[in-house]
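Right, one structure below, let's go through it.
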Amino acid sequence: MKREKLILLFKGLASEEDKKKILRWIRLSKANEDFFYRIKADYTASQFPVSSKEVNIDSEWKQFKKRSFHSTYNYKQIWPYAAVLLIMLSLGTGGYRILSDGQHKTKAPEISREAITLQLSNGNIKILDEEGSMYVQDTKGNIIGTQKGKQLIYTDSIDSTGITETQYNTLTVPYAKTFDLTLSDGSRITLNSGTTIKYPSSFSTEGERKVFLKGEAYFRITKNPQHPFIVSSENINVRVLGTEFNLSSYPEDKKIHTALIEGSVSLYPNGENYDPNRAVLLQPGQVAMWDKALGSVHISETETDLYTSWIDGKIIFRHTVFENIVKKLERHYNVKIRNMNTEFQNKKFTASFDVETIQQVMETFRSGYGLNYRIDGNTITIE
């Protein structure tokens, strides 16, 4: 593999065809893989002023091959490159990272509660850098997805007829963040803060398309009558053919809300087979509120912006119980709110916030409703 093609990859300028060729070349041998990372380390080092020297690739390759076929390594010679590689990994400089869904497991990284994470089907957990980019591979080394910033897009570029077992990935979005996911069938999902979704990296050519949600998401489902789309969320399943809807199903909430924007969806209890005669059918502009404790559902007409405004960074409360307001504020701003004033617990409020900070939000409740509070770091105490 020529140095120039590798450099283009590190710079993020390689064509899709060259990316696939490089991946195939890397997988041919351990020597290729090691050389790839050596050249990447040299490239990264050249970006630093203290390490801007030219690298003689031909000479390095000969020395590398010579060392690769001996069982005894000169660690003093290898160490400088290892150090450069560590710098490269810590700074994330240049090109795309590659996430493989293969059999090689890596040591689990230390994960911050504020990090967006992707758990691959082999159990590996990767942190998604909101300012970075990467590729996702399947078990055969095929590139099946691309992440850039706050967006992860899967492509249906491989033949899934040979898949014997569905490979599920799990995406987790922490408080105060949102993330966009495009599945291999073209369906688009926007995930709200504090949400986890489990989904196939590639859908089977037979049966239904099914994902599992814990939290809140806005779905834009690609129509496919032969393969209904199912969202399974705690107590209920939402069955879709092709539509747009918002589903809010946080574990701590007493009710599951499904608001339909366009098309149609059917709701039925989780753990039961779909029966069109027993399922609850929604029409556009309606919201279904599923009571977890009673197992009952109530349908009403609604203003859909109450359930979709979060996509644009807004939060709207309309005759909302203060207990529920607290939960939404905690997710939206990544704070902990301790309500010591039981007088406010069951009161209902109407308010709308856009670019306000959490302190400005609390000031609104203080000046408008006489709510006293204090802020200590990430904790808000209502007195």
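Leu329 exposes around 10 Å² of accessible area when a 1.4 Å probe is run over every protein chain in place. Under a model in which nothing but the beta-carbon of Lys, Arg (+1) and Asp, Glu (-1) is charged, region 249-383 shows a dipole of about 360 debye around its Cα centre. Counting pairs on different chains as well as pairs 8 or more places apart, how many Lys pairs in region 254-347 have Cα atoms under 21 Å apart? Lysine pairs, 8 or more places apart or on different chains, close enough: 19. Per-residue Karplus couplings for region 137-151, computed as 6.51 cos²θ - 1.76 cosθ + 1.60 with θ equal to phi - 60°, are listed in order as 10, 8, 5, 9, x, 6, 6, 10, x, 9, 10, 9, x, 9, 9 Hz, Gly and Pro entered as x. In this structure the amide hydrogen of Ile236, modeled in the peptide plane, comes within under 5 Å of the amide hydrogens of Asn270, none closer than 5 places in sequence on its chain. Placing pseudo-labels 7 Å out from each Cα toward the beta carbon at Glu4 and Asn341 gives an inter-label distance of 7.0 nm.
For region 267-324, the ratio of Cα radius of gyration to the globular rule of thumb 2.2 N^0.38 Å stands at 1.37. Using the Cα coordinates of region 232-383, the gyration tensor eigenvalues translate into equivalent-ellipsoid semi-axes of 33, 16, 13 Å, sorted from longest to shortest. Each residue was assigned an accessible area with a 1.4 Å probe, and for Ile375 the value is about 70 Å².
Where the centroid of each part is defined by its Cα atoms, how far is region 125-139 from region 326-374 in Å? Here the answer is 36 Å between Cα centres.
Between Val297, Val335, Pro251, the Cα set farthest toward the positive side of the dipole of region 246-340 (charges on each charged residue's Cβ, about the Cα centre) is that of Val335.
The values are calculated or read from the model by the stated rules, or taken from the named source; none is laboratory data. Keep in mind it's a predicted model, so treat the numbers as computed, not measured. Reconstructed Cβ throughout: ideal geometry from the backbone, glycine too, with neighbour counts over all protein chains shown. Surface areas here come from the heavy atoms of the whole protein model, side chains and all, with no ligands, DNA or RNA. Shrake-Rupley method; radii C 1.70, N 1.55, O 1.52, S 1.80 Å.
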